Each structure stands twice: as structure tokens, then as C-alpha cells.
1. Could you please find all residues in the range 280-294 being within 16 Å of ligand 1 (Cβ to nearest atom), modelled with pLDDT under 85 and either in contact with a Gly (Cβ under 8 Å, 6 or more places away or on another chain) or assigned to a loop (DSSP other than H, G, I, E, B) (or both)?
2. Pairs please, first residue from the range 114-134 and within 15 Å of ARG168 (Cβ to Cβ), second anywhere and polar (S, T, N, Q) and in a helix (DSSP H, G or I), Cβ atoms under 8 Å, 6+ apart in sequence or on different chains.
3. Name the single residue, out of those in the range 27-46 being part of a loop (DSSP other than H, G, I, E, B) and within 12 Å of ligand 1 (Cβ to nearest atom), that is surrounded by the fewest Cβ atoms within 10 Å (Cβ to Cβ).
4. For the range 111-212, which fully contained strands (runs of 3 or more DSSP E) count at least 1 residues that are among the aliphatic types (A, V, I, L, M) and closer than 22 Å to THR95 by Cβ?
5. In the range 47-87, what residues are within 10 Å of ligand 2 (Cβ to nearest atom) and either open to solvent by 60 Å² or more (accessible area, probe 1.4 Å) or acidic (Asp, Glu) (or both)?
6. Are there any pairs with C-beta distances below 9 angstrom linking a residue in the range 151-163 that is open to solvent by 60 Å² or more (accessible area, probe 1.4 Å) to a residue that is within 14 Å of ligand 1 (Cβ to nearest atom), with the two at least 6 apart or on different chains, and if so which?
7. Can you list the helices (runs of 4 or more DSSP H) lying wholly within the range 224-277 that have 1 or more residues being open to solvent by 10 Å² or more (accessible area, probe 1.4 Å) and closer than 15 Å to TYR18 by Cα?
8. Given the conditions (1) within 25 Å of GLU316 (Cα to Cα); (2) at pLDDT 95 or above; (3) within 16 Å of ligand 2 (Cβ to nearest atom), report the number of the one that CYS163 does not fulfil.
Amino acid sequence: MLALEDADEVADLYREAYRVKLEHIGAKVSVRGLIEAGNVCAKDCFYCGIRKSNAKVRRYQLSEDDIVCLAEQSKSFGYASVVIQSGEIESEAHTMSVERVLKRLAALDLGVTLSLGEQEPDVYKRWRDAGAARYLLRIETANEELYRKLHPANHSWRRRLECLRTLRKLDYQVGTGVMCALPGETVKDLADSIRFFRDEDVDMIGMGPYIPHPDAPLKGVEPMTKAARLAWGLKMIAATRLTLPQVNIAAATALQALADDGREQGILAGANVIMPNVTDVEYRANYQLYAGKPCLNENAGQCRSCLDRRLEAIGEKILYGERGDSLRYFERCKNAQR
Ligand code: 5AD
Ligand code: FES
């Protein structure tokens, strides 16, 4: 499926994946308010715009009050789930701060997803106990060798894998994902990523095309058109939906950086989750992982109306007020009880 190139055949692939999405999930899209809580990061991935060594980035960290306030705002918009994402920080002070935020969020009755990178098992446990239900940690590529080429020597694919397995043991709903169209990546690598999702039996998947960032060392390697990058992202969504009909698949914002209607195209290729940004405009520009991040000047309210309009146009309904848990997670829990 991933190797298809003929335009009609590719269109058939998207259509079939969308049919499977409709069959299992319906014409419905789940939403999560995305809170970009801070861009301080200990990691130095060669592709990323907010990597530690990029001295051009103005670093910020939202206060605990700010984060809670954005979560309240998300709830008032009808987003019953939020994702708190930031750069990777491993410290007791950070762990405690996240714990305090989670305890305050408990009163809001929201589905809370964390996306705070690699951590020690006891940190994941503390955050789970404090109320986090889901965790996103992209493996970035299932090919350990390729991972090594895209990261400094002290970054470990094995540790990321161990983190995912720990999260699973701690009964999080676990999300992972990859970038696609990475320099040096083959169709087999992409197919192996989908096998990885299946074999690790994850609940949620977030995938997006790699988009060069001008201040990251990987920039300029293997130029590719926006349309070609977008097509890789869409083919990955479609092939993943056909392999794993019940998982939650996000239409990543990176798709929208490549085409104005990129996220809608993602839904029509089988994705069922969208994560509208609720971060204040003041900070959005400082959280640019790749070039051309959309909606830098839109506030959360504008993003909500825009999303409404866009999804209505393709006949999809936003599940306001619903947490939108992964069907795969419930299936997994049922099997465990048997
Ligand atoms: N292009 C696309 N996605 C990127 N990410 C980081 N840098 C880029 C880039 N240049 C993704 C990684 C990471 C997530 C937060 O953002 O997959 O896990
Ligand atoms: Fe690793 Fe940003 S530094 S994804």
C-alpha cells in the first residue's frame, strides 16, 4: 500500500481507509485541546526546531496557573480531553510541578494526556497516580539504525521503547508514532513502523511528515515537494487505519503545514482525532518544531470556529463533550479480563 504511486490507486487507498474508519468509528472526530506548556528541552534531535542547541529559540515555561487556565478554557470550548506537551525535562522540580497540575485538573473531569518525553518509571507512575490517563511518546522511526542517524549518540531508541512498555504496564492508554519522509527512509522502514504499532499493541497513533526546519542540522537534506511529503503522511494514515481499524489516529498539525486542508485530508484518509491548539498566541511562535507551523496568529477561539467549519465541510461531526477514548484500549481491557 505504501509503495503505491498511481494517483487513482492512491485515491482508492484513501477511500478504502476512510470507509473502514466510518465502519468502526463513524463520521466522528475526537478533539483534544493542545497545550504547549513549555519549550525547554534536554534533547537535541537533529530534525527539531526547539532542540537544546538552537540558541535562536526564546525559551518559555507556562506557570501551573496558566496551564490550569488553558485546560479550563478547553473545557469551556467542549474539548473534554487535553494534551499537555512540552520539551523533555527530567528533574524532581518538574515532576512535582506536573503532579500538582494534574491534581488540580482532576476537579475539571477532563481526559488528560501527557506528552513530556522519556522519564523514569517512578515518574510515569506518579503522574498516573495523580490523574494522567494517556501518554504520547513517538518512537520517531521503528528502524533503530535510522534513529541513530537522526539523533546524537546519547539518545537511545531502546530507552524510548522501554518507556513505551513501562507506560503500558502502568495502565496508561499509550500513544506512539513516527515521522515519515525522513531522509534515508525506505518504504520498508515505514511498513515496519506500522508493524511496530501492531506488535506493541498501542492505543493511539500520531504521525506526521518530517518537515525541515531552517535552524536544525538536518535541514536541506533530500529536498522533497510539500505535496510529496503530504502524500507520505496520508498513505501512512491510510495503511495504519487498514491494519489497525480500532486505534485512535491523529491528523497531525504537520499535515496542515503542507496543505491548508491537510488535516481534513488526514481525516478522509482514516484519521479520527484532531488536536486544536489552545496555547496563547504569545507563545505559539516559540514552539516551532518545523518550518511553516500554521495558525501562529490565531487564538484558541478562532481555531475552534475554523475547525467546526472545516469538519462540517467534509461531513464529519466533532465529538464535543466526549473524551474519545481509543476503542482499542477497551478491547484490550476486555481481553485482559477474560
Ligand atoms: N518535522 C516534523 N515533525 C517533527 N517533530 C519534531 N521535529 C519535527 C520536524 N522537523 C515531531 C517529532 C516529535 C514531535 C513532538 O514533533 O515526531 O516527537
Ligand atoms: Fe527531540 Fe524536539 S528535541 S523532538
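1. Applying the first criterion (within 16 Å of ligand 1 (Cβ to nearest atom)) to the range 280-294 yields 283-294.
Now restrict to residues that are modelled with pLDDT under 85: 283-288, 290-294.
ALA285, ASN286, TYR287, GLN288, TYR290, ALA291, GLY292, LYS293, PRO294 - these are the residues of the range 280-294 that are within 16 Å of ligand 1 (Cβ to nearest atom), modelled with pLDDT under 85 and either in contact with a Gly (Cβ under 8 Å, 6 or more places away or on another chain) or assigned to a loop (DSSP other than H, G, I, E, B) (or both).
2. Between residues of the range 114-134 that are within 15 Å of ARG168 (Cβ to Cβ) and residues that are polar (S, T, N, Q) and in a helix (DSSP H, G or I), the close pairs are GLN119/THR95; PRO121/THR166; TYR124/THR166; TRP127/THR95.
3. Applying the filter and picking the extreme gives ASP44.
4. Numbers: elements: 111-115, 134-136, 173-176, 204-209.
Output list reads 111-115, 134-136, 173-176.
5. Of everything in the range 47-87, those that are within 10 Å of ligand 2 (Cβ to nearest atom) and either open to solvent by 60 Å² or more (accessible area, probe 1.4 Å) or acidic (Asp, Glu) (or both) turn out to be LYS52, SER53.
6. If the second residue must be within 14 Å of ligand 1 (Cβ to nearest atom), the pairs left are ASN154/ASP44; ARG159/GLU118; GLU162/GLU118.
7. Numbers: elements: 226-243, 253-258, 262-268.
Because the criterion is at least 1 residues that are open to solvent by 10 Å² or more (accessible area, probe 1.4 Å) and closer than 15 Å to TYR18 by Cα, the helices (runs of 4 or more DSSP H) in the range 224-277 that meet it are 226-243, 262-268.
8. Among (1) within 25 Å of GLU316 (Cα to Cα); (2) at pLDDT 95 or above; (3) within 16 Å of ligand 2 (Cβ to nearest atom), the lone unmet condition for CYS163 is (1).
The values are calculated or read from the model by the stated rules, or taken from the named source; none is laboratory data. All values reported here derive from a predicted model rather than from experimental measurement. Methodologically, a virtual Cβ is constructed for each residue, glycine included, from the backbone with ideal geometry; neighbour enumeration extends over all protein chains shown. Just so you know, the surface numbers come from the protein's heavy atoms only, side chains and all, with ligands and any DNA or RNA stripped out. Shrake-Rupley method; radii C 1.70, N 1.55, O 1.52, S 1.80 Å.
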